[in-house]
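Heads up: the structure comes next, in structure tokens.
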Amino acid sequence: MSENNSTTPDEKEISHLEYSVTTTNERTGSSLGAYYNIVSIIAGTGTLQLPYALKQAGWTGAIVILIATLMAIYTGQLLIKCLYYDGVNRLPDFPAVGQAAFGKPGKYFIRVFHYSILLGCTCVYVMLIGYNIDLLLNLVEVSVGLKAWIAIGGCIVLIPYLFLKTVKEVAWLSAMGVLTTCLVIIISVIVGLIQLKSQDLHYDHDVVNWSQLPIALGSICFSFGGNVIYPHVEAGMRNPKAWNKVLTCAILTVCFMYLLISIPCYYVFGVITESPIYNNLETGGAKIAAILLITIHIIMASPLYLTSFANEMEEMLKIDRQHHSKAREFILRAILRTFILTCITLVAMFVPIVSDFMSLIGSLSYSIILFMAPVVLYIKLYGFKKLAKWEVIVCALIMIIALCACILGTKDAIIQFQKSMKNLNDKPKH
């Protein structure tokens, strides 16, 4: 490894390397815009799972959220450092970092888990759309069936997915994500506290639940996912030297939102806390508003994940204007995207267990992509001997925690998933 490969680029080097960003990603974005983009992508439906994660882990789960926050900040900074590892060119994205470190196997490894996140998150979203519609209509005694509503939810997502071609075109759909998430947090906390006072609720709480801690960590990993988009956000910043500050502020904001909903809601509902958290709220206008808001957010955010995946598939299959006429390109793209969403919807219809699905994705894919991969890639590209002692300690701790989430969390999530599926299949018999 050359001397340039083993040195961390300073601000001058990063400034010098700005020329390597392609013209399609001109550095015209503000730091405030980058901050908002990070918050809007990270803070989503995982928010509704966090009070339940505290039920699984006990009050210790709040400490785990803080630890995950620090880990997400540090690994996010490492990932961007890896883009500039050679001091000459800036790598374009996460898979390119994997290729720089381990060749094509590294690139494909990152892509596989990246795809599992894109498709897995979309599956969770389609489940939630159907679940929320079914929940709302059950309030007025209209029952069609959860599977039917999940299928309808997939059809709803298909409309913008077909007609909006690129990630840039669908990005504005998820722009209201932060607002809806904040409103749902406020509604859940206020209504929960009102219930606590009016009903004189007293539920038990655990300080720590060691047996459920790994699966809770998986849910928390899911809630901090989104680092695959960091290279694209940083590529558009006018001042890339501000990346570390922007990332830190964004993730601390997300952490505040998470603690704001998880601690009060677990305090109110204790061992009966459910996922999504609005299941614990009394039926009324506030609960209906929360469900509607999060459903709108999900419908608008789903095409972002799907389009990112579809664009890569379309590039591989050469579905573009260079190889096809405008009409033929649209037809081929529509067939491909309909097939992708149909497969996802079928999975969602037959495994409609939102919380367990989120825990499984978080434990398996996010623990690797969010925490483990940036550390391993950073050490490989810069060299272990160049790390300061504190970096060695921090990286070791991150790897230990991430491995626990990956191995133990995945095992527990699979076991819980199997139990939930058995209960689901047994329901019609009663």
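The values are calculated or read from the model by the stated rules, or taken from the named source; none is laboratory data. Keep in mind it's a predicted model, so treat the numbers as computed, not measured. Please note: Cβ atoms are built from the backbone with ideal geometry, for glycine as well, and neighbour counts cover all protein chains shown. All accessible areas refer to the heavy atoms of the entire protein, side chains included, with ligands and DNA or RNA removed. Shrake-Rupley method; radii C 1.70, N 1.55, O 1.52, S 1.80 Å.
Considering region 52-64 alone, what residues qualify as being in a loop (DSSP other than H, G, I, E, B) and open to solvent by 20 Å² or more (accessible area, probe 1.4 Å)?
Taking region 52-64 first, the residues in a loop (DSSP other than H, G, I, E, B) are 58-59.
W59, the sole residue that qualifies.
Tell me which residues, restricted to region 26-43, are surrounded by 14 or more Cβ atoms within 10 Å (Cβ to Cβ) and β-branched (V, I, T).
I38, V39, I41, I42
Find the residue count for region 116-138, including only residues that are touching a Ser or Thr at 6+ places or on another chain (Cβ under 6 Å) and farther than 27 Å from G225 by Cβ.
Total satisfying the criteria: 0.
Given the options I110, I73, I117, I80, name the one that is under 27 Å from H232 (Cβ atoms) and modelled with pLDDT under 90.
Checking each option against the conditions leaves just I117.
Determine, yes or no, whether A96 is modelled with pLDDT of 90 or more, within 28 Å of M358 (Cα to Cα) and hydrophobic (A, V, I, L, M, F, W, C).
Answer is yes for this residue.
Scan region 97-108 for residues that are out of contact with any helix residue (DSSP H, G or I) (no Cβ under 6 Å at 6 or more places or on another chain) and either assigned to a loop (DSSP other than H, G, I, E, B) or farther than 15 Å from V375 by Cα (or both) and report the count.
4
What about I67, is it open to solvent by 10 Å² or more (accessible area, probe 1.4 Å), more than 16 Å from M399 (Cβ to Cβ) and part of a helix (DSSP H, G or I)?
No: the conditions fail for I67.
Would you check if W149 is more than 25 Å from L213 (Cβ to Cβ) and open to solvent by 10 Å² or more (accessible area, probe 1.4 Å)?
Numbers: more than 25 Å from L213 (Cβ to Cβ): yes; open to solvent by 10 Å² or more (accessible area, probe 1.4 Å): yes.
Yes: the conditions hold for W149.
Would region 135-150 turn up any residue that is of a type in the set (A, V, I, L, M, F, W, C), in contact with a Pro (Cβ under 9 Å, 6 or more places away or on another chain) and under 19 Å from S365 (Cα atoms)?
Filtering region 135-150 for residues of a type in the set (A, V, I, L, M, F, W, C) gives 135-137, 139-140, 142, 144, 146, 148-150.
Right, trim to in contact with a Pro (Cβ under 9 Å, 6 or more places away or on another chain) and you get 146, 150.
Pick out the ones that are also under 19 Å from S365 (Cα atoms) and you get none.
Within region 135-150, none of the residues are of a type in the set (A, V, I, L, M, F, W, C), in contact with a Pro (Cβ under 9 Å, 6 or more places away or on another chain) and under 19 Å from S365 (Cα atoms).
Yes/no per residue for (1) in a helix (DSSP H, G or I); (2) in contact (Cβ under 8 Å) with a residue 40 or more places away in the chain; (3) surrounded by fewer than 17 Cβ atoms within 10 Å (Cβ to Cβ):
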residue: T75; (1), (2), (3): yes, yes, no
residue: P95; (1), (2), (3): yes, no, no
residue: Y115; (1), (2), (3): yes, yes, yes
residue: I129; (1), (2), (3): yes, yes, no
residue: D134; (1), (2), (3): yes, no, no
